[in-house]
Structure formats: C-alpha cells, structure tokens
Amino acid sequence: MSTHQKALVLPIKQGTFELHSVPIPTPGPGQLLVRMHAVALNPVDWKVQARGILVEDYPFILGTDNAGTVEVIGEEVYGFSKGDRVFTQGTFESTHGGFQQYALFNASVTAKIPENLTFEQAATIPVGLGTAVLGLYTPRTPEDIECGSAQLTAPWDSDGRGIYAGRPFVVLGASSSVGQYALQLARLSGFSPIIVTASLHHTDYLKSLGATHVVDRHLPFEALRSNLAAITSKPFEVIFDAVSLPDTQSVAYDLLAPGGCLVLVLFPAITLIANKRIAKVFGQVNFPPENLEVGVSLYKVLPELLAEGAIQPNRVEVIPGGLGGIRAGLDRLKNDTVSGVKLVVRSQETA
Ligand SMILES: NC(=O)c1ccc[n+]([C@@H]2O[C@H](COP(=O)([O-])OP(=O)(O)OC[C@H]3O[C@@H](n4cnc5c(N)ncnc54)[C@H](OP(=O)(O)O)[C@@H]3O)[C@@H](O)[C@H]2O)c1
C-alpha cells in the first residue's frame, strides 16, 4: 500500500481549497483506516472555508459524511473485517476528514453498509440523520443551548417505535437533508399528522418518506398558520426547524404550543418565552459523551433500519471530478441552489 494519497486541503483559514499529496494516516486503538469511496458535501464545509469558523489548526482536511471499505483495523476494534463496506461521521480532525482518499473512522460510530445501499447513498446519512437524531432523542437538559434535544424516546429504545402516535409533528424545510431524516424519524416515532414545509415539487417524494401533509414553504405566515389549523387542532408540541434562519425560527416559535420544544439547527435568533423550550442541536455523534452514547446506539441499529427501508438515504447527485469537484459543489450549496438532493463525490475518481 502506498504511503501517500490525494486530499483536498484547506491550507489556511479562509484560504482556497487545493489538491495535495498527504500521508495516509495510521489507525490508533478503536479506529479503522478506510479507503474512501464516497463523501457527501454539507453546508458546514463551505461555512468553515468562507467564514473561518470551527477550525483553528491549518492546513485542514474537511469532510464529515464518509463511506468506503475497511483497509486496516486498529487495536481494540471488534466486528469489522478488511473489505467491509462502512460509513461514519467525520470528527473535525484532518485524519478523519472525508475530503481525502483514506480516512480514519471511529469504530464505535461506524456501521456496515447494507447490500441495498450504494456507497454514495450511505454517504448521505451520517450528518443529516445524526443531527436529526441528536436533536430529538438525546437525554440532554433543554437548558443546554449548545447541545440541546427535545428529549424524546428513540424509536429503537424498548417500546419506542410508534410511541408518539396521535401527536402532531412539524418539520420546516423537510426537503433539506436534515429535514428528510427528521421527517422519517417522526414517522418511526409514530407522530401523526406529520406536516412539513417544502417547495411543492417535492410533495410526492416527501409523502413517500412519511409526510402526511406538505405545505408550500413560500406561503406567508398567516396562510401557513391557517393551513396547519385546517389540518389539526391539536397543539404542536414538537417542531423541527431544519432551516433555522431568523424568519423560519420566528414562524416555528409562534406555532409552538406552550410547554413544547422547538429544535433548531442554527443558533437561536428569537426572543425566548419562559414556557416554550428551544433545543439547538449539536449534530456530531463522536462528542461530547452524551452525543457519543446516542451515536453508538444509533450506529448499532442503523444497518437493520436501512436494510428494512425504515430509513431511506437522501437522493444523490454525484459531482464529477472526484475530490477536485468539491469546490464547485460547495459553491452550489453556498448559493442555495441545491434542492432535495445530497451532493456526493467519488473520492477515488480524483484526477
Ligand atoms: N447544528 C448542527 O450541528 C447542524 C448539522 C447539520 C446541518 N446544520 C445546518 O442545517 C441547515 C440545513 O442543512 P442541510 O444539509 O440539511 O441543508 P440542505 O440539504 O443543503 O438544504 C437545502 C434545502 O433547504 C430548503 N430550504 C432553504 N430555505 C428554506 C426555507 N426558508 N424554508 C424551507 N426550506 C428551505 C430547500 O428547500 P426547497 O428545495 O424545498 O425549496 C432545499 O431543499 C444548514 O444551515 C446547516 O448548516 C446544522
């Protein structure tokens, strides 16, 4: 095996991505070295590059939606063999970044890819699903604004499947990657009706994932409110705002019932009221420990949930050019021109 590989490196804070040859990392205890086949792009990737957030040590290798085959197994790793098809969430360390051809995976939050999924489909799952799961099912205190959760019972806990039957659930921005997974989790948890907002050309697709009602995301607030009131008179105790821009936050918070919980994927931009909770999710299954605990239980059940079709991956759009195609893909995410698909790169196609 060669000692070096191709990687898309961010050389300095707010610099320009460059293709470099870098050493292939060595797995430590609890880690796998994985030959990357597919990596999906996320909004955080362009935000780190453009805004200089989250990362302090450069040069840096991004990429947190990672799928490939096991190449080398570190010490204290059990249950994996060389050649296994696996996926995980990257940890925001260069050795674990997916924008390279070989990356380290933490074995406790790595799952085998079931036969019904491609590498590209598997790569759409870790960040989007992890964020939705952590925002709904982590047993955190709601006051923890950095790392909040609605503190629901997960569908894979004992008696968890269908436990919230008869209670409504709202997802704003359900055609986003995170939104698609939040919607599917709501279905597994039994919520009904599941009312989502999106551009209406996604209606059939979102209904196939479990939405009972799809409402045009471009409606003004009063029209949205009356649409929802016509669907159900029950209180909205859980709302997942997968967009979390100031205007969607304020709409969601207004719709939320007293005592309810609004899950946000970005920091709160609204004035809080005492009897309406907000949970700003930290969508990382590797840390802190409370997230890791939920992540480990999620990755244990994931292969089965995916094999039985209980959770569907996002739809995939493959970007040509391997790692060299990432820059153009991130520009599309930044310009908000990606709709209802996940952009994925095939790592080994890099020129
Ligand atoms: N807190 C965390 O740890 C965490 C983790 C992951 C993601 N995030 C954040 O979550 C957000 C979503 O990420 P993502 O990867 O899921 O995004 P994405 O898939 O790229 O989102 C694109 C979708 O957003 C929808 N959208 C845009 N503006 C909307 C609005 N005003 N109302 C309703 N839908 C709207 C579009 O809907 P239509 O096509 O239907 O028009 C489009 O399908 C990003 O800001 C990301 O940074 C946070």
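Miscellaneous remarks
- Pairs beyond 21 Å (Cα-Cα), from Lys13/Lys334; Lys207/Lys334; Lys6/Lys112: Lys207/Lys334; Lys6/Lys112
- Relative contact order, percent, the chain [alpha-carbon distance under 8 Å, six or more residues apart]: 18
- Taking amide H atoms as placed 1.01 Å from N in the peptide plane, the amide H of Gly162 lies under 5 Å from those of Ser189, Gly190, each 5 or more residues away in sequence or on another chain.
- For the residue pairs Lys82/Lys342; Lys82/Lys300; Lys47/Lys342, the alpha carbons lie more than 25 Å apart in Lys82/Lys342.
- Base-10 log of normalised Debye intensity for the chain (one unit scatterer per alpha-carbon) at q = 0.07 Å⁻¹: -0.28
- For segment 118-263, the alpha carbon convex hull comes to 117 Å³ per residue, rounded to a whole number.
- Considering only GluC sites (Glu not before Pro) in DSSP loops that have at most 14 other Cβ atoms within 10 Å, the longest stretch of the chain without any of them is 147-307.
- Full extension of the chain between Lys334 and Lys13 yields a length gain of 113.8 nm, computed as 0.36 nm times the residue separation minus the alpha carbon distance.
- Cut-off under 5 Å, modelled amide H: who pairs with Ala279 long-range: Leu262, Val263, Leu264
- Antiparallel bridges, percent of DSSP beta bridges restricted to the chain (to nearest 5): 60
- In the complete set of protein chains, residue-level accessible area for Asp204 is approximately 130 Å², probe 1.4 angstrom.
The values are calculated or read from the model by the stated rules, or taken from the named source; none is laboratory data. Model, not experiment: these values are computed from the prediction. Using ideal geometry, Cβ is built from the backbone for each residue, glycine included, and neighbour counts are taken over all protein chains shown. Keep in mind that these areas ignore ligands, DNA and RNA; they rest on the heavy atoms of the full protein, side chains included. Shrake-Rupley method; radii C 1.70, N 1.55, O 1.52, S 1.80 Å.
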